[in-house]
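A.B. asks: Take this structure first; my questions come after.
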Number of protein chains: 2
Amino acid sequence: MTTAYETLLEKVHELTDLEKAMGVLSWDKETNMPPKGITARIDQMGTLQRLSHTLFTADETGERIENAAAELGDADYDSDEASLIRYLRRAYGDARKLTTDFVVRSNQVSGQAREAWMAARANNDFATFQPWLEQVVSLCQELADMYGYEDEPYDALLDKFETGTQTAEVRAIFDAVKAELVPLRQAIEERGTAVSDTILHQPYDIDGQKAFARYAAQALGYDFERGHLGTVVHPFATSFSRDDARITTRWYPDFLSPSLFGTLHESGHAMYEQGTHPSLYRTPLARGTSLGIHESQSRMMENIVGRSRGFWQAHFPKLQSIFPDQLGNTSAEQFYRAVNKTQPSYIRVEADELTYNFHIILRFELEQALLNGDLAVKDLPTAWNDKMQALLGVVPPSDTLGCLQDPHWTRPGFGYFPTYALGNLYAAQFYETAVSQNPTIASQMANGQTEALVTWLRQNIHQHGRKFTPRELVQRVTGSPLSHAAFMRYATAKFSDIYGL
Amino acid sequence: MTTAYETLLEKVHELTDLEKAMGVLSWDKETNMPPKGITARIDQMGTLQRLSHTLFTADETGERIENAAAELGDADYDSDEASLIRYLRRAYGDARKLTTDFVVRSNQVSGQAREAWMAARANNDFATFQPWLEQVVSLCQELADMYGYEDEPYDALLDKFETGTQTAEVRAIFDAVKAELVPLRQAIEERGTAVSDTILHQPYDIDGQKAFARYAAQALGYDFERGHLGTVVHPFATSFSRDDARITTRWYPDFLSPSLFGTLHESGHAMYEQGTHPSLYRTPLARGTSLGIHESQSRMMENIVGRSRGFWQAHFPKLQSIFPDQLGNTSAEQFYRAVNKTQPSYIRVEADELTYNFHIILRFELEQALLNGDLAVKDLPTAWNDKMQALLGVVPPSDTLGCLQDPHWTRPGFGYFPTYALGNLYAAQFYETAVSQNPTIASQMANGQTEALVTWLRQNIHQHGRKFTPRELVQRVTGSPLSHAAFMRYATAKFSDIYGL
């Protein structure tokens, strides 16, 4: 006899398979699809999306969820079953709030806004993008009303990326980061220590880069038997199951960093999904908790591991052996310093570990001001530049290098940006906890080894997938809510050492 | 106001998108999926398959088809609309006949039969495969009864691959081929002319092979802006739209033929789908007419073009420039002869253009005997060897090199094999017609150029997609039904020249 929970799982499996199929189509679009295949691919993805939405939002799905919930009664909060019910109730409620009319309008505006943005960025002409951004802001406001909120509209949007996290909390944490990070950045600038990264800008053979990227990903613990490294323009990680979690990267013939640190970053994302518990297979729980927690895993591998002294003392000889002409006369310590150079810059995606957070805080504050109507879209460029001056001490010479640099604001996705910086903060807090619980992690890291760290991450974070909210996870893993403190301790120690403060 | 035909098209688009999505998942499975991704991929493909079958076989789909048919009235037979209705009525009727119970049992048997076959082939142990083949034969019989037939059970199965073609016709044509091809093969053997293909068996760098495969595919007319060349174990072509028709091949480090002729073969398939008329987009008509007609296009490019003297006189210098050590002392004529060496062999997939047909005729005859109960499965090895002796004058030293060589009989797919040889015959008949209608084709071919030929193929075959049955298409293109004659004229002329008969 089939239980109500089994009946629910049947539907969940179907929906998960559909979502993963969309993932494959999307992955293929970025990696292998010939340019002219795009029209058909958009149609195909649209059909799967529509089918999936229709099946999920049907009354019958809600009934299956509630029947299963009733059958489970007061099941253990931590159980897969109770966690799935919690997740599905939230997701079902959200999906039912999204009207078809809104989705259609939103897609139309986003498509045209993206065209306008590309032209505006190319021509440094904010004015032509302005009316589209106004429409996007208004879609965000509409979306916030549709989802509903208690304290402020931004809560409704942030919740979609960082479930259960309030704007006020993030604001308090980011303010605390600013209070300490601005003086640290200024101290580094005033100290004036020279750190050169010119060795990273040399001709590097792509095949050699590929060989080292694979080597480094494996050194972190990424499993190629359950993974794949593809080439794309805009790197990402994606998974079709814990046993098929892929990474992508891009290759520059004369700049080593993007492929190298991009691969480490995406490996962190993919290792998270490779580490979800097998019992979560074919359910939406077999994914990262939230964008922020996901980013904590990628930043952990990219920065805390991949930009550590121990990692390069252990692995630099391998890199050197692949590129003897470029790196034969460089020491591991010089390389370590080169990949940790910090300096104010205009472009978020090129920013270093330390200054990256400023770029996010700026966007977080501007998104709220736009959403609340405190900032008119036409005044965005000025507001942007004022904040750049305050946070980073530089002002971009053009909007192309300023408020027009990111594609994010071509769609109603306010609330996404803060997750990038939250990832840095979560990562530091997790890492500090990990090392305090298992000192072997630190000693291994000093030798470029990650086995103990990855075991800890699997046990404490990866295996749970999406069973808990970010808030719940951070509390159960570290014993405290998220704060800025661990990140500031980590960053202050690391950069004081490098810059001789 | 939406017409009944538009309402039908909406459903057709949805179903086509789902089918193409399955195609992408399947393509990815063969090309990029990591080994351990297989479990999830089978689940995902199963879900799409089930959704697609459920949507297609719903009563409502039948109503949409009939409403549209009624609205169209006596639309022009050749129109897209009338052709789509004809196709859908057939496909809908067939799909409704397939019971879920049969599909489930068939998949179970096929899965286990495949395992048994792999072991049996590895151990040259037909007896362990025998009970599974008996079940497969029984499934074929059941399938024939389920679909129904007028003259003989094999008709019902053949019809699924070569719509509207009768077993009796194919038998008569294959008998005619045998009557002329057996003496031709014997005459070649008796003449004893030495043709060497040892130059093909040398170390050939894979990157060089890839470069030439791309060059050669483009020389045929394959459009890489709407295509992609991937690497697989078992090569195939597949399309997700006319603007995304992909080929795959495999690479041997010391044998040039598989990658080279495999690429030309798959290019022929893919060019067919690239050439379907844009008006057929997102419908099941945007594909090849049938397996046999599809194979005619791949064989045309692989053999009639790709193994022609003109092609190698034009393109051999390019190949030589990539492989100067291997081919520097070889002439285009020597290379042309090497790639046209004919000799009896045991393995179908390694057979040459001339003897390949014998391998198919043998299987066609044995399938009928098994289906009709004239041949017991236990007697298959003997029957196989007897036919090899009669047709090719050789007897395989083991069942591994005999009746256990192909995977096809692990599933109830009788009726598929003959389409391979039909492809050869269609190709020759089409080509003879093409040259008679446009003599430029022959003069271009003498210079290794295919533009006029491809234009003719587009116009007469490709653009129609699946609008007509194979019988209709051959009649309208060549003015006659399919016969063995053109192929025999082509083969006799070509091989008499090479072997000095």
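A.B. asks: Sequence neighbours fewer than 8 away in the same chain don't count; with that in mind, list the lysines whose C-alpha is under 18 Å from residue B:387.
C.D. replies: Within reach: B:178, B:378.
A.B. asks: Oh, and also: Set Lys and Arg Cβ to +1 and Asp and Glu Cβ to -1, take the dipole of the protein assembly as shown about its Cα centre, and tell me which of B:163, A:233, A:419 lies farthest positive.
C.D. replies: Working it through, the farthest residue towards the positive pole turns out to be A:233.
A.B. asks: Any idea of the total accessible area buried by the B-A contact, 1.4 Å probe, rounded to 100 Å²?
C.D. replies: Counting protein atoms only, the buried area is about 3000 Å².
A.B. asks: Over 22 Å between Cα atoms: which of A:11/A:467; A:210/B:210; B:160/B:467; A:341/A:494; B:160/B:494; B:29/B:160 fall into that group?
C.D. replies: Those over the limit are B:160/B:494; B:29/B:160.
A.B. asks: Compute the label-point distances linking residue B:195 to its equivalents in the other copies; points lie 7 Å from Cα along Cα→Cβ; give nm, one decimal, shortest first.
C.D. replies: 6.9
A.B. asks: Right, another one. What's the Cα-based Rg to Rh of region B:28-141, Rh via Kirkwood?
C.D. replies: 1.13
A.B. asks: Go from 0 up to the bin containing the longest alpha carbon distance in chain B, width 20 Å each, and give me the % of pairs per bin.
C.D. replies: 21, 58, 21, 1
A.B. asks: Quick check: residue separation of residue A:480 and residue A:211 times 0.36 nm, minus the Cα distance between them. What number comes out in nm?
C.D. replies: Stretched out fully, the residue A:480 to residue A:211 stretch lengthens by 92.8 nm.
A.B. asks: Compute the semi-axes of the equivalent ellipsoid of region B:90-231, taking the square root of 5 times each eigenvalue of the Cα gyration tensor, and list them largest first in whole Å.
C.D. replies: In descending order the semi-axes read 37, 26, 23 Å.
A.B. asks: Something else: Using R₀ = 56 Å, calculate the FRET efficiency as 1/(1 + (r/R₀)^6) where r is the Cβ-Cβ separation of residue B:127 and residue A:101; round to 0.05.
C.D. replies: 0.25
A.B. asks: Just to be sure I understand the interface: list residues from region B:11-53 that lose 50 Å² or more of accessible area between the chain on its own and the complete protein assembly, 1.4 Å probe.
C.D. replies: B:17, B:24, B:32, B:34, B:36, B:43, B:44, B:47, B:51
A.B. asks: Take residue B:501, project a point 7 Å from its Cα along the Cβ direction, then tell me which residues of region B:154-179 have their backbone nitrogen under 12 Å from it.
C.D. replies: Zone members listed by number: B:179.
A.B. asks: In terms of the ratio Rg/(2.2 N^0.38 Å) built on C-alpha atoms, what value belongs to the protein assembly as shown?
C.D. replies: 1.06
A.B. asks: Can you list the HN-Hα couplings for region A:189-203, worked out from phi with the Karplus curve (6.51, -1.76, 1.60; θ = phi - 60°), rounded to whole Hz and with x for Gly and Pro?
C.D. replies: Those phi angles translate into 4, 5, 5, x, 4, 7, 10, 9, 10, 5, 4, 6, 9, 9, x Hz.
A.B. asks: Let me ask another. Could you calculate the contour length gain from residue B:189 to residue B:374, that is, 0.36 nm times the residue separation minus the distance between their Cα atoms, to one decimal place in nm?
C.D. replies: Net length gain for the segment: 63.3 nm.
A.B. asks: When the helix-only estimate is applied to chain B (DSSP H runs of n ≥ 4, each -39,500 (n - 2.57), divided by the residue count), what is the mean residue ellipticity at 222 nm, nearest 500 deg cm²/dmol?
C.D. replies: -20500 deg cm²/dmol
A.B. asks: With the full set of protein chains in place, find how many percent of the accessible area of the protein assembly as shown is carbon and sulfur; take the probe as 1.4 Å.
C.D. replies: C and S fraction of accessible area: 51 percent.
A.B. asks: Okay, moving on. Taking the Cα centre of region A:1-90 as origin, work out the dipole magnitude from +1 charges on Lys and Arg Cβ and -1 charges on Asp and Glu Cβ, in debye rounded to 20.
C.D. replies: That gives a dipole near 720 debye.
A.B. asks: State to the nearest 20 debye the size of the charge dipole of region A:454-501 about its Cα centre, where the only charges are +1 on K and R beta carbons and -1 on D and E beta carbons.
C.D. replies: 220
A.B. asks: Could you work out how far the C-alpha centroid of region B:40-66 sits from that of region A:181-219, in angstrom?
C.D. replies: Their Cα centres are 52 Å away from one another.
A.B. asks: Further question on the same structure: Using a loss threshold of 10 Å², tell me which positions in region A:228-243 are less accessible in the complex than in their chain alone. Probe radius 1.4 Å, ligands and nucleic acids ignored.
C.D. replies: Those residues are A:228, A:240, A:241, A:243.
A.B. asks: Quick check for you: with a 1.4 Å probe and neighbouring chains kept, what is the accessible area per residue of region A:269-312, in Å²?
C.D. replies: 20
A.B. asks: Using r as the Cβ-Cβ distance of residue B:118 and residue A:330, and R0 as 45 Å, what FRET efficiency do you calculate, to the nearest 0.05?
C.D. replies: Efficiency, rounded to the nearest 0.05: 0.30.
A.B. asks: Rounded to the nearest 0.05, what FRET efficiency do residue A:197 and residue B:408 have when you use their Cβ-Cβ distance and R0 = 51 Å?
C.D. replies: Step by step, r from the Cβ atoms, then E = 0.30.
A.B. asks: Along the charge dipole of region A:1-108, pointing to its positive end and built from +1/-1 on Cβ of Lys, Arg, Asp and Glu, which listed residue (A:5, A:44, A:108) has its Cα farthest out?
C.D. replies: It is A:108, whose Cα lies furthest towards the positive end.
A.B. asks: Starting from the amide H of residue B:249, placed 1.01 Å from N in the peptide plane, find each other amide H under 5 Å away whose residue is 5 or more places distant or on another chain.
C.D. replies: The answer is B:230, B:231, B:232.
A.B. asks: Next question. What is the dipole size for the protein assembly as shown, taken about its Cα centre, with +1 at each Lys and Arg Cβ and -1 at each Asp and Glu Cβ, in debye to the nearest 20?
C.D. replies: Dipole size: approximately 1980 debye.
A.B. asks: Across peptide A:425-433, how many C-beta atoms of other chains are within 10 Å of each residue C-beta, on average?
C.D. replies: Mean number of neighbouring Cβ atoms from other chains: 0.
A.B. asks: Which of rounded, prolate or oblate describes region A:177-334 when judged by the alpha-carbon gyration tensor and an a/c cut-off of 1.5?
C.D. replies: It comes out oblate by the Cα gyration axes.
A.B. asks: Per residue of B:219-225, what is the mean number of Cβ atoms on other protein chains within 10 angstrom of that residue's Cβ?
C.D. replies: 1
The values are calculated or read from the model by the stated rules, or taken from the named source; none is laboratory data. Please read these numbers as outputs of a predicted model, since none were measured by experiment. FYI the Cβ positions are ideal-geometry reconstructions off the backbone, even for glycines, and counts take in every protein chain you see. Only protein heavy atoms, including side chains, enter the accessible area calculation; ligands, DNA and RNA are left aside. Shrake-Rupley method; radii C 1.70, N 1.55, O 1.52, S 1.80 Å.
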